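These notes concern the structure reproduced below.
A short reminder: the numbers here are calculations on the coordinates, not readings from a lab. All values reported here derive from a predicted model rather than from experimental measurement. Ideal geometry is used to build each Cβ from the backbone, glycine not excepted, and the neighbour counts take in all protein chains shown.
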Amino acid sequence: MRLAGKVAVITGGASGIGRATVLKFVREGAKVVVADLNLEQAEAVVAEVEALGFAGAASASKVDVSEFAQVEATVAHAVEVFGRLDVIFNNAGIAGGKALLDHDPAVDYAPMIRIDQDGVYYGILAAGRQFRDQGTGGVIISTSSIYGEQAAELAFSYSAAKAAVISFTRSAAYELAEYGVRAVAITPGRVATPIIGQFSAELQALFASEQLRGRMTAPEEIADVVAFLASDEANVINGTVVHVDDGYSAYKQRFT
Ligand code: NAD
């Protein structure tokens, strides 16, 4: 129960890493707003929480993280339903991309930046203001990616957005320290979620082989780390990146 008494907003909470984190957080005693573009799926996750025996521990909120007013409304929803906010997990995102010279900027750049980059900025801003007004401090965890630290094929816009998430995290830790706020970014490698499902089976097998132990990470394994980072046990992890990539970033090339 390391999150007992804490209230969290988890964006992208309806699926994958976000859903697993919702379930982990309620098991650790938190109250959670399951915030997602897909309200129906967010409500299904709330039903899962209820079925696990944590009645009233989760509440669904429809949000498009690329709209600041909607992100503010989701933070307000947490305060209205659960009375406060202690943690925001800026995790909603999309993936994919095209070779740079094939880009239509309106299709292959702008939406990615609006969701994966602006969405995190909006979460930091809205939650940061709430933490300041509450006078309680808080924790901001944001999902970057291994691609936030390196170039990758078909990932020009995605890499830019995920690099910004790391920069936002450092700056937020710096700017919000006076309000007792911590900020941490995580960089997942290859996680078995629907976002990966859009790629061919061949590519998915390649992805798995790129992690040192040759397997995809389960979303629950990421959720375990996020719960730790949100807890007071991680009190000195601040303004930095926690690699959750099963060794992907530890080596450059294999010959087998
Ligand atoms: P997922 O597709 O299972 O979950 C993403 C969720 O975000 C979905 O529920 C979707 O509805 C929601 N979402 C999309 N656009 C939104 C918007 N505009 N507003 C609100 N919600 C929106 O994928 P996932 O793998 O769980 O992805 C979670 C995060 O992890 C993403 O930021 C992704 O980039 C990142 N990530 C994933 C992997 C991986 O291998 N799965 C690796 C690195 C980083």
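Observations on the structure shown:
- Residues in the stretch 16-41 that are of a type in the set (A, V, I, L, M) and over 23 Å from PHE228 (Cα atoms): LEU37, LEU39.
- Positions within the stretch 213-246 being at positive phi and in contact (Cβ under 8 Å) with a residue 12 or more places away in the chain, in sequence order: GLY239, ASP246
- For the stretch 39-90, filtering for residues that are of a type in the set (S, T, N, Q) and over 21 Å from ALA161 (Cβ atoms) leaves 3.
- When the stretch 75-101 is filtered for residues that are surrounded by fewer than 24 Cβ atoms within 10 Å (Cβ to Cβ) and part of a helix (DSSP H, G or I), the ones remaining, listed by number, are ALA76, HIS77, VAL79, GLU80, VAL81, PHE82, LEU100, LEU101.
- Residues (more than 22 Å from the chain's Cα centre (by Cα) and assigned to a helix (DSSP H, G or I)) located in the stretch 102-143: ASP102, PRO105, ALA106, VAL107, ASP133, GLN134
- Qualifying position, being on the phi > 0 side of the Ramachandran plot and in contact (Cβ under 8 Å) with a residue 12 or more places away in the chain, among GLY180, GLY119: GLY180
- Residue check, ALA192 without any contact (Cβ under 8 Å) to a residue 60 or more places away in the chain and out of contact with any Pro (no Cβ under 8 Å at 6 or more places or on another chain): no
- When residues of the stretch 63-74 are limited to those that are touching a residue at least 40 places away in the same chain (Cβ under 8 Å) and assigned to a helix (DSSP H, G or I), the one surrounded by the fewest Cβ atoms within 10 Å (Cβ to Cβ): PHE68
- Qualifying residue in the stretch 93-105 (condition: basic (Lys, Arg), closer than 20 Å to ASP224 by Cα and touching a residue at least 40 places away in the same chain (Cβ under 8 Å)): no
- Restricted to the stretch 8-30, and to residues there that are in a strand (DSSP E or B) and within 12 Å of the ligand (Cβ to nearest atom), the residue that is farthest from ASN90 (Cα to Cα) is VAL9.
- In the stretch 193-240, residue farthest from ALA183 (Cα to Cα) [restricted to those that are of a type in the set (Val, Ile, Thr) and within 15 Å of the ligand (Cβ to nearest atom)]: ILE196
- Subset of the stretch 31-53 that is in contact (Cβ under 8 Å) with a residue 40 or more places away in the chain, part of a strand (DSSP E or B) and within 10 Å of the ligand (Cβ to nearest atom) - its residue that is surrounded by the most Cβ atoms within 10 Å (Cβ to Cβ): ALA35
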